[in-house]
Amino acid sequence: MRIGLGYDIHRLVQGRRLVLGGVEIPFEKGLLGHSDADVLIHAVCDAVLGAAGMGDIGYHFPDTDPEFKDIYSIKLLAVTYEMIRSKGFSVNNIDSTIFAEAPRLSPYKEEMKRNIARTLQINPDQVNIKATTAEGVGLIGKGEGIAAMCIVLMN
């Protein structure tokens, strides 16, 4: 058994779409980044890569590479899955938390779970997604950014 931990944070800005867990969420701001800036998927990628001892998302998908400009992060997760699968690893369980003051994420969590599970070829009940606020504290609490953390258990 191997455990990996992932974390990501991006700033919210006007003029970008908000994508979390591969789901486009209606909101007046989106996350700023080289890709679609999906903090949940980035945290999952980092957790999976960490559990496999294979570095991090920035190493494999650098923000200096035009190939990854505005890429749908689920595609990055699919490549990550193929990388760990080629080394004989499989994902047992994912537990994640999204930190956001707004928007309300409850209506989208099941679709996020299905997206992650389908991409990693596991059952949706092996993926848990929680959402919480920062109670008005810091960058997240002021509604200036969204973060995500993920822990994964792998064989």
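No value in this document is a laboratory result; all are computed from the given coordinates. Everything numeric in this text was worked out from a predicted model, so none of it was measured. Here the Cβ positions follow ideal geometry from the backbone for every residue, glycine too, while neighbour counts run over all protein chains shown.
Worth pointing out:
- Summing Lys and Arg as +1 and Asp and Glu as -1 over all other residues whose Cβ lies under 9 Å from the Cβ of Ala131 gives a net charge of +3.
- In plain terms, the bigger the Kirkwood radius, the slower the diffusion; for the chain, with that radius from Cα pairs, at 20 °C and 1.002 mPa s, Stokes-Einstein puts D at 140 µm²/s.
- Neighbourhood charge, 12 Å Cβ-Cβ cut-off, centred on Leu120 and excluding it, Lys, Arg +1 and Asp, Glu -1: +3
- Residue-wise HN-Hα couplings along region 15-23, as the Karplus relation 6.51 cos²θ - 1.76 cosθ + 1.60 with θ = phi - 60° gives them from phi, are x, 10, 7, 9, 10, 9, x, x, 10 Hz; Gly and Pro carry x.
- Both radii come from the Cα set of region 1-72: Rg as radius of gyration, Rh as Kirkwood radius; their ratio Rg/Rh reads 1.01.
- Considering all C-alpha pairs of region 35-94, those separated by over 20 Å amount to 19%.
- Stretch gain in nm, segment Asp95-Glu110, where the contour uses 0.36 nm per residue and the Cα spacing is subtracted: 4.1 nm
- If you plug the beta carbon distance of Lys130 and Ala102 into 1/(1 + (r/R0)^6) with R0 = 22 Å, you get a FRET efficiency near 0.85.
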